[in-house]
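Working notes, beginning with the structure itself.
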Amino acid sequence: MLFKEDFAWGVATASYQIEGAYTEDGRGLSVWDVFSHEKGKTYSGHTGDIACDHYHRFKEDIKIMSELGIKAYRFSLSWSRIFPEGTGKVNEKGVKFYSDLIDELLKYGIEPYITLFHWDYPYELYKKGGWLNNDSVGWFADYAQKVVELFSDRVKNFITFNEPQCFIGHGFEQGVHAPGLKLPYKDIFQMCHNVLKAHGAAVVAMRQNAKQKIKIGYAPTGAANYPASDDAADIEAARKSFFECPPIVNDNMIMGSVSWWSDPVVLGCYPEEGLKMYKEYLPDITDADMKLISQPIDFYCQNIYNGKEVKADEFGSPIIVDRCLGHGKTAAQWPVTPKCMHWAPKFLYERYNLPIFISENGMSAHDVVSLDGKVHDPNRIDFVNRYLLELEKAIADGVDVQGYFLWSFMDNFEWALGYSERFGIVYVDYNTQERIVKDSGYWYKNWIESNTNGKN
Ligand code: GCO
């Protein structure tokens with residue numbers, strides 16, 4: 001049996017993508033509320049105002065999770081639901097919502113994994129300069145402290161940031177996500193550094209204030225490049241390409257780098273290559289900063305969707321192999337590359353030596369309700385199946401993988417793409433808010449059952 005008995009078979013969501021109730025019960029605005037209400041920023045002007053109405057329907061949703069045998073649920077908190085202004089006064093009604101949600105999960109024996117920040121930054125703090133303001137480190141640490149004071153009596157697992165690469169890259173480099181800015185690289189690198197410091201400061205605050213022994217992780221992402229063959233040279237080339245710091249070319253999402261965002265957190269230093277390449281843009285980086293950023297964490301998460309195939313040239317340098325004609329794609333045009341689920345966890349484990357969680361993996365499809373009233377999504381079943389079989393290979397290679405969170409539990413607001421892409425294993429009818437478990441949901445239930453308690 002490859003998967004451990006207590007393997008966290010989970011699903012994931014994020015607050016702004018599912019909750020709705022955006023002005024209800026004292027919630028403060030986030031940058032995503034403001035951005036999605038601006039003309040032309042999201043697909044057909046979609047917003048998260050109502051989303052999946054999870055704020056009112058969480059009991060129904062958790063019941064479905066339990067019926068599907070889900071063991072762990074990764075969700076994020078809306079910072080401005082707890083602190084409407086980002087700092088200062090706490091909104092008791094917002095706290096109650098999360099407290100009730102946690103109780104409901106525990107009632108069904110579903111382990112909560114809280115992500116502190118999944119992109120919905122409090123608008124009031126953004127007006128004060130957001131991540132560019134050096135006070136942002138303390139604001140985040142205070143928020144983290146409050147969260148553990150409130151919930152760590154019942155919640156044992158916390159994740160600081162989700163995909164810092166994306167909220168900085170899409171939000172401030174490319175301007176396609178909230179708050180929709182294109183800033184100079186000097187500002188962007190200052191923000192990166194503040195986000196990393198905020199991560200470290202939050203870890204300190206959480207450890208000091210937790211009510212029981214908690215575990216803390218971090219959930220970045222990046223292109224999960226994998227070798228074209230089992231040849232040692234190709235493996236080395238893929239590893240190199242996986243961790244390289246890309247040069248800055250206009251809007252190329254330089255922030256997509258794995259090592260720039262993870263070496264400081266786990267190894268306590270930025271990658272040399274990046275320090276040289278980005279020198280002219282970098283803020284002052286002190287030893288004290290690096291010490292703060294590299295507070296020990298307990299597990300390492302990665303959101304893994306796809307990667308590129310890499311082979312070595314005659315000098316061992318990585319060459320990206322062209323995708324074959326007609327290669328598999330998801331509805332969102334993302335390539336289907338299951339092998340990345342073998343190699344990314346392996347590369348990460350070898351470099352960072354921490355237990356690994358796959359904090360997101362899944363695919364979008366343009367699912368419909370068929371005449372029989374069901375939602376048939378064989379493509380998603382095939383996708384998840386192939387990726388999980390590759391994950392087994394990583395475990396067989398000795399990688400300590402402790403959990404897998406399928407993105408997503410239900411269809412939801414896919415950021416700039418609005419409701420046009422469906423990632424859920426539960427279908428959501430946005431007109432009626434009816435939920436229909438897709439075939440993939442039942443498939444996942446079976447997979448979990450047959451991979452738990454000594455079965456395989
Ligand atoms: C991300 C976020 C999720 C997305 C998912 C599909 O990776 O962009 O973590 O919020 O919805 O990944 O794009």
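Please treat every number below as a calculation from the coordinates, not as lab data. Computed from a prediction, not measured in an experiment: that's the story for all the values here. Glycine gets a Cβ as well: all are built from the backbone with ideal geometry, and neighbour counts include every protein chain shown.
Of note:
- S229 paired with C269, simple spin-label distance in nm, labels 7 Å along Cα-to-beta-carbon: 3.5 nm
- Within the chain, antiparallel bridges make up roughly 25 percent of the DSSP beta bridges whose residues both belong there.
- Among the trypsin sites (Lys or Arg not before Pro) within the stretch 1-88, those in coil by DSSP and having at most 15 neighbouring Cβ atoms inside 10 Å are K4, K39.
- Test item: Cα-centred dipole of the chain, Lys/Arg +1 and Asp/Glu -1 on Cβ, debye: 600 debye
- Taking each DSSP H run with n ≥ 4 as -39500 (n - 2.57) and averaging over every residue of the chain yields -11000 deg cm²/dmol at 222 nm.
- Counted by neighbouring Cβ atoms within 10 Å, the residues H118, H376, H199, H327 run from fewest to most as H327, H376, H118, H199.
- Projecting the Cα atoms of A365, A312, N91 onto the charge dipole of the chain, computed from C-beta unit charges around the Cα centre, puts N91 farthest toward the positive end.
- Options P335, I395, T13, ranked by Cα towards positive dipole end of the stretch 8-450, top entry (Cβ charges): T13
- Compared with the alpha-carbon gap, the fully stretched path from K4 to D298 is longer by 104.1 nm at 0.36 nm per residue.
- Tensor-based shape of the chain (alpha-carbon gyration tensor, a/c under 1.5 rounded, otherwise prolate or oblate): rounded
- Taking a ≥ b ≥ c as the square roots of the eigenvalues of the alpha carbon gyration tensor, the stretch 387-456 is oblate, as a/c is not under 1.5 and a/b does not beat b/c.
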